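One structure is given below, encoded as structure tokens.
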Amino acid sequence: MSNQKFGFFFLNNETSLRMKEININASFSVYSSIDELPEEIQSLMLQAIAIRKKAYAPYSKFRVGAALLLDNEKIVLGSNQENAAYPSGLCAERVAIFQSGAIYPEAKILKMAITAASDSNETKSPIPPCGACRQSISEYEFKQNTPIEIYFMGESGEVYKSDSIKNLLPLSFDKNFL
């Protein structure tokens, strides 16, 4: 039996180190265009597109719109709001989520439609929420204890649907860790 000293640890060559591997899968529904979406979601996405066009994005020239459908049947909109003192701005998804939480604190978010477009080039690929927005969506999904359907697209082209933020943020951080 051979032992080798590494720092403060001894490693026995006959001892095999074992690790466990986990596999995390994500599943999305893919619609070829906005026209394939159910009527209610088409309407929601069209509202996201309309508010995207009003985004304040003088620096990035990248406009994002978000529309939320709440369980009280209200629609809450948000567009990205930039600031010269980066990163003081706020993404469209968080503008909509935080507005929803402020105006309708007891309402649950059922569905979210997100669209993004660049002033410089056409975005045909679906653009998912950034990491900070994923964490915020996760917080509200955890708070309401029901999943939020998320539909996202670029300026045109395919629309991806996730049944929950857990597809986009599978190992989420929530209040149980505090």
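Where a number appears in this text, it was derived from the coordinates with a stated rule and is not lab data. Note that the structure is predicted; figures quoted are calculated from it, not measured. Every residue, glycine among them, receives a Cβ derived from its backbone with ideal geometry; neighbour counts consider all protein chains shown.
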Quiz item: Taking the Cα centre of the chain as origin and charging only Cβ (+1 Lys, Arg; -1 Asp, Glu), how large is the dipole, in debye to the nearest 20?
Solution: 600
Quiz prompt | Highest-MSF residue in the chain out of Ala66, Ala84, Ala116 [GNM, Cα springs under 10 Å] | solution = Ala84
Exercise. Mind telling me which of Ser125, Ser60, Ser138 comes out most flexible in a GNM of the chain, alpha-carbon contacts under 10 Å?
Key: Ser60
Quiz item: DSSP loop GluC sites (Glu not before Pro) in the range 80-125 with at most 15 other Cβ atoms within 10 Å of their Cβ, which ones?
Solution: Glu106, Glu122
Quiz prompt | Over the chain: helical MRE at 222 nm, DSSP H runs n ≥ 4 each giving -39500 (n - 2.57), nearest 500 | solution = -7000 deg cm²/dmol
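Apply the a/c threshold of 1.5 to the C-alpha gyration tensor of the range 84-156 and tell me whether it is rounded, prolate or oblate.
Here the range 84-156 falls in the oblate category.
How high is the FRET efficiency between Asn121 and Asn145 when r is their beta carbon distance and R₀ equals 41 Å, given to the nearest 0.05?
Values: r = 40 Å, r/R0 = 0.98.
Rounded to the nearest 0.05, the efficiency is 0.50.
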Quiz item: By its C-alpha gyration tensor, with a ≥ b ≥ c as the square roots of the eigenvalues, how is the range 28-104 shaped: rounded for a/c under 1.5, else prolate for a/b larger than b/c, else oblate?
Solution: oblate
Practice problem: Averaging sequence separations of C-alpha pairs under 8 Å and six or more residues apart, then dividing by the length of the chain, give the relative contact order as a whole percent. | Solution: 21
Exercise. Quick one: dipole size for the range 43-107, taken about the Cα centre, charges +1 on Lys/Arg Cβ and -1 on Asp/Glu Cβ, in debye to the nearest 20.
Key: 380
Quiz prompt | Calculated SAXS-style log₁₀ I(q)/I(0) at q = 0.09, 0.14, 0.15, 0.16 Å⁻¹ - the chain, Debye, Cα scatterers | solution = -0.39, -0.73, -0.82, -0.92
Quiz prompt | R0 of 41 Å, Cβ-Cβ distance Glu36-Phe173: FRET efficiency to nearest 0.05 | solution = 0.75
